[in-house]
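Below: the structure, in structure tokens.
The values are calculated or read from the model by the stated rules, or taken from the named source; none is laboratory data. Everything numeric in this text was worked out from a predicted model, so none of it was measured. Note that we place each Cβ from the backbone using ideal geometry, even for glycine, and neighbour counts take in every protein chain shown. The area values use the complete protein model at the heavy-atom level, side chains included, leaving out ligands, DNA and RNA. Shrake-Rupley method; radii C 1.70, N 1.55, O 1.52, S 1.80 Å.
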Amino acid sequence: MINTEGMVAETATKIFTDLCPREVPHQAEAGQYPQALWDALAENGLPLAWVSEANGGFGADYGETFGAIWASAQAASPVPFAETLIANWMLDRAGLEPADGSASFALSGRTPSADIPFGMHADKIVLFDAAHHEIGLFDNRVAVRSPEEALSPDGMTQFVFSGHVAEQSAKTDLSRRGFEALILTVRAVQMAAAMEAALNLSIDYVSQREQFGRPLSKFQAIQQQLAVAASECAAATMAATQAASAIARHADDPEQAWHEAVIAKVQIGHGVEAVTVPFHQVHGAMGYTQEYDLHHYTRRLWAWRDALGNEHLWSRRLGEELAATSPDQIWKGVTTGDWTGGKSLAS
């Protein structure tokens, strides 16, 4: 299980419980940004959890911070908490000061633009230029923001980097695979948390809703649907936990956690349809209404499944690498989590 104990995780859980009740995600979609929620997170220093003490953060335990990310996803939090954690982690790896305010991240690609999660709300954008091993900080508030269509209620904005001068930049020893390992693990934790929250909503609903004089939970077909979904949720939680544990073990060299991160993204990505379909089906018409909470989780799950590359892309990348790896090394990686010594296909 994801570690939800300790100062960071418990503080985050309390903040999300107190300041992100079910009304907040609905209000955020209507255009009312929950500034009080973000201010509370910032005042408690939580966006700096992965920043070293020497750089103004408090170098929190990786595993415990994943517990805070878990709490944010379970609350369907409409603020860029996980994104700011990642952005500040990137800046810290380059010896740069953390972002002043909220932030999001991008990985350089073939075009000078990127789709940024929470792009309409993040104050700063941190770009990882993998080809030049450089990290740059950009001011998103002075950029022309172009909202993109997105399944996630958090939205997506296109940021064009050409023509914008970085506020600060520096070389980094972070590899592309190390960056991928962290962002895929963060998304895996968020997806597993959202799955569990949607499962609990579904169980509560069928336990209370009656049909033909008895609760829906007494019908065998409903029990079967939720049993399948529950097994997928358990598998997702285990995959996310393994990936988070690998990041914690290899905090100094996150590239070593790449395999577990990819496996988690693939496993959970495959499970999204297997859980969201029965969740909506057992709710009947209620599951498709704007006023009900279920869509805050299922829409995020659909968006997160495709973000950063879907499960098919990562299955192919992982398969290509394992095909060039000796059977002994694959067995060692599967059984011990030690993938060192295998053939690396840098992207």
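General observations
- Placing pseudo-labels 7 Å out from each Cα toward the beta carbon at ARG145 and ASP253 gives an inter-label distance of 4.0 nm.
- Separation in nanometres of the label points that stand 7 Å from Cα toward Cβ, at VAL228 and ARG110: 3.7 nm
- Accessible area per residue, Å², the chain with all protein chains present, probe 1.4 Å: 44 Å²
- Taking θ as phi - 60° and the Karplus parameters 6.51, -1.76 and 1.60, the scalar couplings of segment 243-252 work out to 5, 5, 5, 5, 4, 5, 5, 10, 4, 7 Hz in sequence order, x denoting glycine and proline.
- With all protein chains in place and a 1.4 Å probe, the accessible surface of segment 269-347 carries 58 percent carbon and sulfur.
- If you sort VAL160, VAL266 by accessible surface, 1.4 Å probe, largest first, the order is VAL160, VAL266.
- Residues of segment 179-212 with an amide N closer than 11 Å to a point placed 7 Å from the Cα of ARG22 along the Cα-to-Cβ direction: 201-202, 204-205.
- Close amide H partners of ILE2, meaning residues 5 or more places away or on another chain with modelled amide H under 5 Å apart, do not exist here.
- Per atom type, segment 9-113 shows carbon and sulfur on 47% of its accessible surface, probed at 1.4 Å.
- Debye, to nearest 20: dipole size of segment 1-69, +1 on Lys, Arg Cβ, -1 on Asp, Glu Cβ: 120 debye
- With the simple model of a label 7 Å out from the Cα in the direction of the Cβ, GLN290 to ALA54 spans 5.2 nm.
- Taking amide H as placed 1.01 Å from N in the peptide plane, the amide H of GLN158 sits under 5 Å from that of ILE116, SER146, GLU148, each at least 5 places away or on another chain.
- Calculated mean residue ellipticity, 222 nm, the chain: -17500 deg cm²/dmol, from DSSP H runs (n ≥ 4) at -39500 (n - 2.57) each, averaged per residue and rounded to 500.
- Solvent-accessible area, 1.4 Å probe, carbon plus sulfur percent, for segment 121-251: 51 percent
- For segment 187-204, the Karplus equation 6.51 cos²θ - 1.76 cosθ + 1.60, evaluated at θ = phi - 60°, returns couplings of 5, 4, 5, 4, 5, 5, 5, 5, 4, 5, 5, 5, 4, 5, 4, 5, 5, 4 Hz by residue, with Gly and Pro reported as x.
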